[in-house]
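Below is one structure; the comments refer to it alone.
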Amino acid sequence: MAEKVIVVGGGAAGLMAAGKAALRGLDVTVLERNDRPARKLMITGKGRCNVTNACTLINELTDQIPGNGRFLYGAFSRFMPYDTMDFFESLGVPLKIERGNRVFPESDKAVDIVDALVGWAKKSGAKLRTGLRVKALLTENGAVKGVACDNGQTFPADAVIVATGGCSYPLTGSTGDGYALARSVGHTVIDPKPSLIPFETEESWCRRLQGLTLKNVSITLRDAESWKEVYTDFGEMLFTHFGVSGPIILSASSHVRDVTPGKYLLSIDLKPALSPEKLDERMVRDLTKYANRTMSNALADLLPRSLIPVALDLAEISPELYANRLTREKRHELGELLKDLTCTIKGTRPIEEAIITAGGVATKEIDPKTMQSKLCQGLYFAGELIDVDAYTGGFNLQIAFATGSLAGSSC
């Protein structure tokens, strides 16, 4: 068992690892490059912190991880979502479960999660040093012996846990430093790619809808050439100045690693609860009710205000046309459009804007039972730095807490 442990990175995984190791009586120091820890945790869930997902079976977790899910069986079996929930509630942070089993603090404030985690790590006995960037691992005879910082300081250690995150949101400290540390001792790093990231679209009408949120829509992502369905989902999305974003769009992005402009088409069903026939009946009722109004006003009960002119433009219907003059053929065309509003994916936003980074230290070179490197004795990895990433919904933070807990319990 290590006596002195250095944890590189004071995020979700690093703080969990530090606290677990310190509770075992080890001398633990966390080295964080920022002036304060857990900055990325502060912005998760739009500042609310989707701390985990309240599923109860390991398979439910691994099903939400596109690649290398089986690697996490060991970590999840020792630290499940209910353990995460018990952990934070025992620290005085009441939690609540929302749609899709997403778990948030009752206060809707990420700072409550951050304060509880940082406070627990310190109370457990871990020392926290901020403003220190680790630039190198110190090794001898195939074993880690400590770390060196870019200010010239060195920290000897019997074990080092690297939990530096990926390379998304670099302003929070996730700058990819851990990849260089891993490579320096021979580890393979799978090229980092953005995951859980908004799409840029070709069509200008998406930008006209900037700021519009749609809450109960269905999307289907297809390969434009083969027409094969890549992903489908139901829930919330929004339009931006560059294209589309929101929970179901971020999840869809996890299924697309290399985006060639025009390779994928996104179909949006604005009225998934209505069959085409039922939607037509609804449109007939509305157009009859507002027969003497222009089309720009006659659809007010059916569509969000900002969406009406865009839908009419795409259906080639004049907004000044009176509802009682709309032909049956044009009504059907409009109905088809509302069930299949399609845009072309041009690409994803830059990796710096990704919520999660896919890729990282190859799982085949890490012992899944301990998170220890198979190449360098005493070196451990935890969190986003590892080549595992999940869909949106609290699963990625659960990975961080579970792998951090396992690393801190094993070193």
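Taken over the range 326-369, the residue count meeting the criterion of being without any contact (Cβ under 8 Å) to a residue 24 or more places away in the chain, assigned by TED's automatic domain parsing to the domain that holds residue 223 and either hydroxyl-bearing (Ser, Thr, Tyr) or within 30 Å of residue 176 (Cβ to Cβ) (or both) is 1. From the list 2, 22, 17, the lone residue that is within 27 Å of the chain's Cα centre (by Cα), aliphatic (A, V, I, L, M) and buried (at least 18 other Cβ atoms within 10 Å of the Cβ) is 17. Residues to consider are 136, 148; find the one that is touching a helix residue (DSSP H, G or I) at 6+ places or on another chain (Cβ under 8 Å) and part of a strand (DSSP E or B). Just a single option satisfies the conditions, and that option is 136.
Check the range 377-388 and report whether any residue there is in the same structural domain as residue 138 (by TED's automatic domain parsing) and among the acidic types (Asp, Glu). Within the range 377-388, one or more residues are in the same structural domain as residue 138 (by TED's automatic domain parsing) and among the acidic types (Asp, Glu). Of note, residue 17 satisfies the criterion of being of a type outside the set (Phe, Trp, Tyr) and in contact with a strand residue (DSSP E or B) (Cβ under 6 Å, 6 or more places away or on another chain). Any residue that is surrounded by fewer than 23 Cβ atoms within 10 Å (Cβ to Cβ), under 23 Å from residue 358 (Cα atoms), in contact with a helix residue (DSSP H, G or I) (Cβ under 6 Å, 6 or more places away or on another chain) and free of Cβ contacts under 8 Å to residues at least 40 places away in the same chain - is there at least one of those in the range 42-54? Scanning the range 42-54, I find no residue that is surrounded by fewer than 23 Cβ atoms within 10 Å (Cβ to Cβ), under 23 Å from residue 358 (Cα atoms), in contact with a helix residue (DSSP H, G or I) (Cβ under 6 Å, 6 or more places away or on another chain) and free of Cβ contacts under 8 Å to residues at least 40 places away in the same chain, so the answer is no.
Being crowded, with 19+ Cβ neighbours inside 10 Å, in contact (Cβ under 8 Å) with a residue 60 or more places away in the chain and among the β-branched types (Val, Ile, Thr) holds for only one residue in 144, 93, 111, and it is 144. Scanning the range 375-407 for residues that are over 14 Å from residue 44 (Cα atoms), assigned to a loop (DSSP other than H, G, I, E, B) and either modelled with pLDDT of 95 or more or not aliphatic (A, V, I, L, M) (or both) returns 375, 376, 378, 382, 387. Among the residues making up the range 10-49, those that are closer than 15 Å to residue 162 by Cβ and not hydrophobic (A, V, I, L, M, F, W, C) are 10, 11, 14, 29, 32, 33.
Filter the range 209-264 down to the residues that are over 18 Å from residue 389 (Cβ atoms), of a type in the set (A, V, I, L, M) and surrounded by fewer than 17 Cβ atoms within 10 Å (Cβ to Cβ), then identify the one that is farthest from the chain's Cα centre (by Cα). Within the range 209-264, the match that is farthest from the chain's Cα centre (by Cα) is 224. For the range 172-186, taking the residues that are surrounded by fewer than 22 Cβ atoms within 10 Å (Cβ to Cβ) and at pLDDT 95 or above, the one that is nearest to residue 246 (Cα to Cα) is identified as 183. Note on the range 375-393: residues that are buried (at least 24 other Cβ atoms within 10 Å of the Cβ) and within 28 Å of residue 125 (Cβ to Cβ) amount to 8. Counting only helices (runs of 4 or more DSSP H) wholly contained in the range 292-346, the ones carrying 3 or more residues that are basic (Lys, Arg) occupy 328-339.
Restricting the range 359-374 to residues that are in a strand (DSSP E or B) and touching a helix residue (DSSP H, G or I) at 6+ places or on another chain (Cβ under 8 Å) leaves a set whose member that is surrounded by the fewest Cβ atoms within 10 Å (Cβ to Cβ) is 372.
The values are calculated or read from the model by the stated rules, or taken from the named source; none is laboratory data. Worth saying up front: this structure is predicted, and the values here are computed from it rather than measured. Here the Cβ is made from the backbone with ideal geometry for all residues, glycine too, and neighbour counts use every protein chain on show.
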